[in-house]
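S.K.: This is the structure, below, for whatever I ask next.
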Amino acid sequence: MTYCVAMQLKEGLVMLSDSRTNAGVDNIATFRKTTVWEKPGDRVIALMSAGNLAITQAVVAMLDEGIGELAGETIVKARSMFGAAQLVGRAVRAVYTEVGGALEAKDPGAFNVSFLLGGQIKGRRCRLFQVYAAGNFIHTTESTPFFQIGEHKYGKPILDRALGFDTDLRRAAKLALISMDSTLRSNLTVGLPLDLMIYRADSLKVELRRTIDEDDPYFQQIRQGWSASLRNALATLPDVPW
């Protein structure tokens with residue numbers, strides 16, 4: 001399992017993912033869920049994935065190398081973020097054509113993947129899409145400025161309460177980390193290290209990209225401070241009157 005969250009805000013994008021792909025008493029694996037294609041001055045495109053690792057890695061490989069007869073059509077040549085989302089969808093369907101039948105025959109529902117695709121290409125708008133296992137996709141709006149994939153239920157309430165389209169990027173990154181911390185505390189299949197990326201709209205370069213591990217002092221401050229704040233907030237609320 002995994003947890004990825006991406007936000008498209010007035011100022012740009014915030015994208016955060018964990019790196020755990022399998023968990024058990026004696027079986028814990030770590031793989032990066034975020035891939036970034038950056039050509040400063042021309043494009044920044046980031047893709048986060050959840051689901052079967054072999055499928056997601058095959059999709060990323062096709063985006064790098066091309067898809068079948070469209071071998072020359074790669075994500076670094078996409079003319080718009082909408083075109084990039086279409087390319088991700090085609091890559092997902094191509095992988096399904098190759099291995100989906102065999103996977104589903106052995107384990108119904110095994111072809112279970114989803115992606116968050118965000119970024120900007122020169123001359124085009126900053127966009128954020130969620131791509132499904134069928135290869136179809138949706139995009140954010142001002143009233144729905146974030147997407148989540150993977151184990152999302154623990155981290156969603158804080159975003160619903162505190163995040164809006166006008167939230168500045170640094171505050172949004174803080175909310176993303178609080179959302180991730182809530183998930184880490186409640187589900188052992190989500191784990192460190194984390195990958196955080198911040199992109200400021202129209203800059204056409206990554207503003208911040210950081211790997212966050214257990215010893216990161218800021219993340220520790222966020223975890224401890226949020227827990228203390230919740231306890232203090234609870235103490236200030238009136239007791240049950242019955």
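S.K.: From the backbone phi of the range 193-207, what are the Karplus-calculated ³J(HN,Hα) couplings (6.51 cos²θ - 1.76 cosθ + 1.60, θ = phi - 60°) in whole Hz, Gly and Pro given as x?
M.R.: Along the range 193-207, the couplings run x, 10, 10, 10, 10, 10, 10, 8, 3, 6, 7, 6, 7, 5, 7 Hz.
S.K.: Which of Lys77, Lys174, Lys106 comes first, and how do the rest follow, when ranked by fewest Cβ neighbours within 10 Å? Provide the component values of the computation, followed by the final result.
M.R.: Working: Lys77 12, Lys174 18, Lys106 8.
Ascending Cβ contact count within 10 Å gives the list Lys106, Lys77, Lys174.
S.K.: How much length would be gained if the chain were fully extended between Phe165 and Val76, taking 0.36 nm per residue of separation minus their Cα-Cα distance, in nm to one decimal?
M.R.: Once the chain is fully extended between Phe165 and Val76, it gains 29.3 nm.
S.K.: Counting pairs on different chains as well as pairs 8 or more places apart, how many Lys pairs in the chain have Cα atoms under 26 Å apart?
M.R.: Close lysine pairs found across the chain: 24.
S.K.: Using the Cα gyration tensor of the range 90-157, with a ≥ b ≥ c the square roots of its eigenvalues, what is the shape: rounded (a/c below 1.5), prolate (a/b larger than b/c) or oblate (neither)?
M.R.: oblate
S.K.: Sticking with this one: Starting with the highest mean, order 122-130, 146-154 by the number of other Cβ atoms within 10 Å, averaged over the residues of each peptide.
M.R.: Output ranking for 122-130, 146-154: 146-154, 122-130.
S.K.: Separate question: Net charge near Val95: determine it from the other residues with C-beta under 15 Å of the C-beta of Val95, scoring Lys and Arg +1 and Asp and Glu -1. Before the final figure, lay out each step's value.
M.R.: On the way: positive: Arg90, Arg93; negative: Asp64, Glu65, Glu98, Glu104.
Around Val95, the charge tally is -2.
S.K.: Along the Cα-to-C-beta direction of Tyr218, a point sits 7 Å from the Cα; which residues of the range 148-188 have their amide N less than 20 Å from that point?
M.R.: Residues passing the 20 Å test: 159, 163-164, 167-184.
S.K.: Classify the range 3-236 as rounded, prolate or oblate from the Cα gyration tensor: take a ≥ b ≥ c as the square roots of its eigenvalues, call it rounded if a/c is under 1.5, otherwise prolate when a/b beats b/c and oblate if not.
M.R.: oblate
S.K.: I'd like the Karplus ³J(HN,Hα) series for the range 47-60: coefficients 6.51, -1.76, 1.60, θ = phi - 60°, whole numbers in Hz, and an x wherever there's a Gly or Pro.
M.R.: Going residue by residue, I get 10, 10, 10, 9, x, 4, 5, 4, 5, 5, 5, 5, 4, 4 Hz, with x marking Gly and Pro.
S.K.: If you don't mind, another one. Expressed as a rounded percentage, what relative contact order does the chain have, with Cα pairs under 8 Å and six or more residues apart?
M.R.: It rounds to 27 percent for the chain.
S.K.: A follow-up question, please. So, with +1 on the Cβ of K and R and -1 on the Cβ of D and E, and no other charges, what is the size of the charge dipole of the range 3-236 about its Cα centre, to the nearest 20 debye?
M.R.: My answer is approximately 640 debye.
S.K.: Counting only other residues whose beta carbon sits under 15 Å from that of Val131, what net charge do I get with K and R as +1, D and E as -1?
M.R.: +4
S.K.: Under a crude label model (7 Å from the Cα following the beta-carbon direction), how far is Glu207 from Arg124 in nanometres?
M.R.: Placing both labels 7 Å beyond Cα along the Cβ direction yields 2.1 nm.
S.K.: Please name which of Leu184, Ser114, Leu128 has its Cα lying farthest along the dipole of the range 3-236 towards the positive end, using unit charges on Cβ (Lys, Arg +1; Asp, Glu -1) and the Cα centre as origin.
M.R.: It is Leu128.
S.K.: Give the calculated FRET efficiency between Glu98 and Ala233 to the nearest 0.05, with a Förster radius of 41 Å applied to their Cβ-Cβ distance. All intermediate terms of the calculation are to be shown ahead of the outcome.
M.R.: On the way: r = 51 Å, r/R0 = 1.25.
The calculated FRET efficiency here is 0.20.
S.K.: Within 10 Å, count the other beta carbons around each residue, average over each peptide in 221-230, 131-140, and list them highest first.
M.R.: Top of the packing list down: 131-140, 221-230.
Since every read-out is calculated from the coordinates, none of them should be taken as a lab result. Computed from a prediction, not measured in an experiment: that's the story for all the values here. Reconstructed Cβ throughout: ideal geometry from the backbone, glycine too, with neighbour counts over all protein chains shown.
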